[in-house]
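To start, the structure itself, in structure tokens.
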Amino acid sequence: MMAIGNSAGSYYMIYNVRAPEMLPYFMALGSIPAFIFMPMVPAIKRAIGKKQMFYVFLSVAILGMALLYIISVVPVLKTQIWLVFVAQFIKSTDESLLRQGICGLWFPK
């Protein structure tokens, strides 16, 4: 599954945003949030509960995907590479946290 996501990210940066020189930064930005936010998952789960945590993470995932879509459709935004990076960071944040949230729902301790 990760190979498909990585291939889609490469395609997005090369052919949609037309910034192949920024591809390594785009891909690296996808893994940084896991190191930042994963240690916070137990505290978030205790504060708002498993189910609410899942809904929050899912909402952030939808927001990140929507931002990437909007940036892709609006030609003026495509040239703003920092917006693409912000959207990628948001999308990656929710993906790593959503995986942890789903595992927490399916495999309770």
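Listed conditions (1) farther than 30 Å from Tyr15 by Cβ; (2) in contact (Cβ under 8 Å) with a residue 40 or more places away in the chain are all met by Gly49, apart from (2).
Has segment 85-97 got any residue that is surrounded by fewer than 15 Cβ atoms within 10 Å (Cβ to Cβ), of a type outside the set (Gly, Ala, Ser) and at pLDDT 70 or above? The answer is yes, given that some residue of segment 85-97 is surrounded by fewer than 15 Cβ atoms within 10 Å (Cβ to Cβ), of a type outside the set (Gly, Ala, Ser) and at pLDDT 70 or above.
Inclusion of Leu68 among residues that are touching a residue at least 24 places away in the same chain (Cβ under 8 Å), out of contact with any Asp or Glu (no Cβ under 6 Å at 6 or more places or on another chain) and in a helix (DSSP H, G or I) is warranted. Among the residues of segment 36-50, just one is loosely packed, with under 12 Cβ neighbours inside 10 Å and of a type in the set (D, E, K, R), namely Arg46.
Is it the case, given these coordinates, that Ile102 is surrounded by 12 or more Cβ atoms within 10 Å (Cβ to Cβ), over 11 Å from the mean Cα position of the chain (by Cα) and either aromatic (Phe, Trp, Tyr) or modelled with pLDDT of 85 or more (or both)? Considered against the rule, which asks whether it is surrounded by 12 or more Cβ atoms within 10 Å (Cβ to Cβ), over 11 Å from the mean Cα position of the chain (by Cα) and either aromatic (Phe, Trp, Tyr) or modelled with pLDDT of 85 or more (or both), Ile102 comes out as no.
Per-residue answers, yes or no, for (1) in contact with an Asp or Glu (Cβ under 8 Å, 6 or more places away or on another chain); (2) at pLDDT 85 or above; (3) of a type in the set (Phe, Trp, Tyr):
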| position | (1), (2), (3) |
| --- | --- |
| Met2 | no, no, no |
| Ala8 | no, no, no |
| Met13 | no, yes, no |
| Asn16 | no, yes, no |
| Leu29 | no, no, no |
| Gln52 | no, yes, no |
| Ala61 | yes, no, no |
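Do you know which residues across segment 76-89 are in a helix (DSSP H, G or I) and under 14 Å from Ala19 (Cβ atoms)?
Passing the criteria: Leu77, Lys78, Ile81, Trp82, Leu83, Val84, Phe85, Ala87, Gln88.
Between Val56, Val60, which is within 20 Å of Ala8 (Cα to Cα) and surrounded by 15 or more Cβ atoms within 10 Å (Cβ to Cβ)?
Working: Val56 fails: within 20 Å of Ala8 (Cα to Cα).
Step by step, each of Val56, Val60 is checked, and only Val60 is within 20 Å of Ala8 (Cα to Cα) and surrounded by 15 or more Cβ atoms within 10 Å (Cβ to Cβ).
The values are calculated or read from the model by the stated rules, or taken from the named source; none is laboratory data. Quick caveat, the model's predicted, so the values are computed rather than measured. FYI the Cβ positions are ideal-geometry reconstructions off the backbone, even for glycines, and counts take in every protein chain you see.
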